[in-house]
Amino acid sequence: MTCRKGSPKRVIAGLELLATIVAVKLWGPCYKGRMVAKIPAMTDNLSNEFAVKKFMTSKYPGTVLLMELAEELRAQDMGLGFKWVRRDGNEWADDLTNEVFDKFDQAKRVEIRKADIKWRVFDKVDSESKKLYDQIQRMKEDAKKKRAPDATDGDFPKRKRRKALPKW
């Protein structure tokens, strides 16, 4: 996953969804054999709560990640309940991100390798999704260039928008 326009803030929701998928893949089998398993999870990212609740987003790579999450939950006959929490109530997640592990029981640590994670749909749709995303970005840039004033037109200042109704 690459940072869009060089800003890691633009992919935080996607990274959180990726971590959620890995968690479901790792700990989901613990619930195997139960009729219905619903995993409670907390997030300080409100957009992910809505995305997981409706399994819908228009942002790349969230679209592909939600497909993988939905398929993993379906395959394991599980549900996921994301609940939003205030940022200051989610400091343990920040500690994990910043590799501060002193508040966690090291005996419960699970070592995983990237090769051990089996993807259900991600590998199949990610490359095509990336191509589509890049194509849309190019189209947006082309449209933006067409709207830009031509250098031969001179440097005219932009006109101020007039209000529809006069000031009283």
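What follows draws every value from the coordinates through simple rules; no lab data is involved. The shown structure was predicted, so the numbers you read here are calculated from the model rather than taken from an experiment. Note: ideal-geometry Cβ built from the backbone for every residue, glycine included; neighbour counts use all protein chains shown.
For residue 86 and residue 136 in the same chain, what is the full-extension length gain: residue separation times 0.36 nm, less their Cα-Cα distance, in nm?
Numbers: separation 50, 0.36 × 50 = 18.00 nm, distance 3.43 nm.
Length gained, residue 86 through residue 136: 14.6 nm.
Taking K and R as +1 and D and E as -1, what net charge do the other residues with C-beta under 12 Å from the C-beta of residue 119 add up to? Value of the local net charge: -1.
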